[in-house]
Amino acid sequence: MYFRNDFERDFMKAYEQAQKECGKNALFMSPRELVAKVVNSPAPKFYITYEMARRNVSALLRGLHTDCNNKLKMQMYADIARLTIDYQRRHKRYSDDFNGALMAVLSEYQAPRFYITEKSAYNMVCALRRRERQRRIRLTLTQNMQDGK
């Protein structure tokens, strides 16, 4: 995934924000419940290259087969197509410029959701937490070695 680091960072930021919003109730919520809440919340952007979006959204609008069998990705392409058409209607200078309207949507709009399954998101959260824990342990060990402990 081309935008993997951005996606992971933004997802974890949204996850931590969801924890804060739940306040003390977050202590009684399972990580899976928080993940479900975050997956369906708006994402800061669409995590896709312009070229991939252009190819698949264009095919979708022309009724052609796309190179995607993933339901969530198809939903993402449909959402991008809807937003692009809407953008063209609202901005007259883009009424005949699909590529310009698509670029504007990808660069200016938030995605309506994170296009990832709850299971994959949960696994990602666990892996990222584990990686962060291991990083902190290594940092502590390194500091202890430098201090001569």
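For the stretch 32-140, the relative contact order works out to 42 percent when only alpha carbon pairs closer than 8 Å and six or more residues apart are counted. Can you give the angle from 0 to 90° between the axis of helix 118-147 and the longest principal axis of the chain, with both taken from C-alpha atoms, to the nearest 10? Approximately 40 degrees, to the nearest 10. Calculated accessible area for the stretch 41-149 comes out at 66 Å² per residue, all protein chains present (probe 1.4 Å; ligands, DNA, RNA ignored). Given +1 at the Cβ of Lys and Arg, -1 at the Cβ of Asp and Glu and no other charges, the dipole of the chain around its Cα centre is 400 debye to the nearest 20.
At a 1.4 Å probe, what is the % contribution of carbon and sulfur to the accessible area of the chain? Roughly 51 percent of what the probe reaches on the chain is carbon or sulfur. Scaling against 2.2 N^0.38 Å puts the C-alpha radius of gyration of the chain at 1.34. Amide H contacts for residue 111 (H built 1.01 Å from N in the peptide plane; partners 5 or more residues away or on another chain; cut-off under 5 Å): 43, 45, 46.
The values are calculated or read from the model by the stated rules, or taken from the named source; none is laboratory data. Nothing here was measured: the structure is a model prediction, and the numbers come from that model. No Cβ is skipped: glycine too gets one built from the backbone with ideal geometry, and neighbour counts run over all protein chains shown. Ligands, DNA and RNA are stripped out before the accessible areas are found, and what is left, the full protein with its side chains, is counted by its heavy atoms. Shrake-Rupley method; radii C 1.70, N 1.55, O 1.52, S 1.80 Å.
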